[in-house]
């Protein structure tokens with residue numbers, strides 16, 4: 001099994017675990033929200049339902065991004081995975097907006113004299129269960145996403161944690177309404193508003209990263225400096241320049257010009273580039289795309305641009 005196929009299967013496995021957990025948790029939350037007369041818990045169940053949708057997005061796009069290069073995609077299909085992370089970010093923003101809107105509506109109704117219903121103990125239990133399950137899912141998924149260098153899996157992990165944050169706010173609101181009496185029932189929507197801003201923050205960070213990849217943003221300066229150090233590890237390689245870097249899904253692309261002694265034969269120069277490619281792929285992964293242009297050390301000015 002090649003590395004691309006292994007990576008795809010690992011992404012499928014991690015995401016499928018999350019999908020099954022979300023399916024069971026969503027059903028439990030809906031039941032607890034209805035039986036426990038908790039609008040906040042029903043909203044939390046809708047949030048978990050959105051997690052199921054993003055699980056499906058990751059599964060679909062992981063299969064596409066794992067496809068090998070073809071005539072129409074010289075750099076592979078990795079950007080499909082970046083697109084998936086952007087879609088998940090947008091889903092997070094939509095969920096946060098929904099929670100914010102519903103919370104403001106609830107606060108307005110209380111200020112207008114309406115009384116929010118007292119939630120049942122089953123809603124409290126469901127909130128605690130949701131926090132535990134979603135935090136465990138986050139840790140399991142984000143660890144796998146970083147190991148597989150998958151932006152969409154990492155984005156999906158943060159969606160799990162956003163649900164844990166949402167359930168934490170729900171627990172605080174339900175707890176106040178359940179234990180402290182009628183006047184404290186407004187704590188439920190207030191806590192939900194705070195949670196919605198956490199969700200927005202996570203979503204915007206993920207969206208900024210995804211858009212940066214689609215717009216061919218260069219790798220961080222410290223990463224580029226490390227690349228240059230690897231390129232010039234052999235003293236025969238001099239003056240690296242015209243470095244261009246970008247991320248393509250889980251892989252990176254590196255283009256660089258180097259200078260060598262103009263009297264060096266082609267076979268020796270080729271051997272240097274092969275060794276540079278080996279070092280770069282050993283550091284950044286076998287899928288790293290490397291293009292190296294060789295120039296004579298004392299090339300005329302017009303050739304050194």
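Computed quantities for the displayed model
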{"read-out": "Matching residues, the stretch 1-38, being at pLDDT below 85 and not in a helix (DSSP H, G or I)", "value": "1, 2, 37, 38"}
{"read-out": "Residue list for the stretch 235-255, restricted to those being part of a loop (DSSP other than H, G, I, E, B) and under 25 Å from residue 82 (Cβ atoms)", "value": "249, 250"}
{"read-out": "Any hit, the stretch 221-234, residues being at pLDDT 80 or above, under 23 Å from residue 100 (Cβ atoms) and surrounded by fewer than 16 Cβ atoms within 10 Å (Cβ to Cβ)", "value": "no"}
{"read-out": "Among the residues listed as 292, 276, 258, the single one being part of a helix (DSSP H, G or I), outside the structural domain of residue 82 (by TED's automatic domain parsing), surrounded by 16 or more Cβ atoms within 10 Å (Cβ to Cβ) and within 39 Å of the chain's Cα centre (by Cα)", "value": "276"}
{"read-out": "Residue 142 being free of Cβ contacts under 8 Å to residues at least 40 places away in the same chain and on the phi < 0 side of the Ramachandran plot", "value": "yes"}
{"read-out": "In the stretch 279-288, the residues that are in contact (Cβ under 8 Å) with a residue 12 or more places away in the chain and surrounded by fewer than 16 Cβ atoms within 10 Å (Cβ to Cβ)", "value": "283, 285, 286"}
{"read-out": "Subset of the stretch 193-234 (residues that are touching a residue at least 40 places away in the same chain (Cβ under 8 Å), part of a helix (DSSP H, G or I) and over 17 Å from residue 83 (Cα atoms))", "value": "193, 195, 196, 197, 199, 200, 226, 227, 230, 231"}
{"read-out": "Residues of the stretch 112-139 satisfying the condition of being free of Cβ contacts under 8 Å to residues at least 40 places away in the same chain and over 19 Å from residue 89 (Cβ atoms)", "value": "112, 113, 114, 132, 135, 136, 139"}
{"read-out": "Scan of the stretch 39-98 for residues that are modelled with pLDDT of 80 or more, over 20 Å from the mean Cα position of the chain (by Cα) and under 18 Å from residue 200 (Cβ atoms), ordered by number", "value": "98"}
{"read-out": "Check on residue 172, under 13 Å from residue 40 (Cβ atoms), buried (at least 19 other Cβ atoms within 10 Å of the Cβ), touching a residue at least 40 places away in the same chain (Cβ under 8 Å) and touching a helix residue (DSSP H, G or I) at 6+ places or on another chain (Cβ under 7 Å)", "value": "no"}
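Rundown of residues vs (1) crowded, with 24+ Cβ neighbours inside 10 Å; (2) in the same structural domain as residue 27 (by TED's automatic domain parsing); (3) out of contact with any strand residue (DSSP E or B) (no Cβ under 7 Å at 6 or more places or on another chain); (4) at pLDDT below 85, yes/no style:
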{"site": "134", "(1), (2), (3), (4)": "yes, yes, yes, no"}
{"site": "137", "(1), (2), (3), (4)": "yes, yes, yes, no"}
{"site": "153", "(1), (2), (3), (4)": "yes, yes, yes, yes"}
{"site": "176", "(1), (2), (3), (4)": "no, yes, yes, no"}
{"site": "183", "(1), (2), (3), (4)": "no, yes, yes, yes"}
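The values are calculated or read from the model by the stated rules, or taken from the named source; none is laboratory data. These numbers come from a predicted model, not from an experiment. Ideal geometry is used to build each Cβ from the backbone, glycine not excepted, and the neighbour counts take in all protein chains shown.
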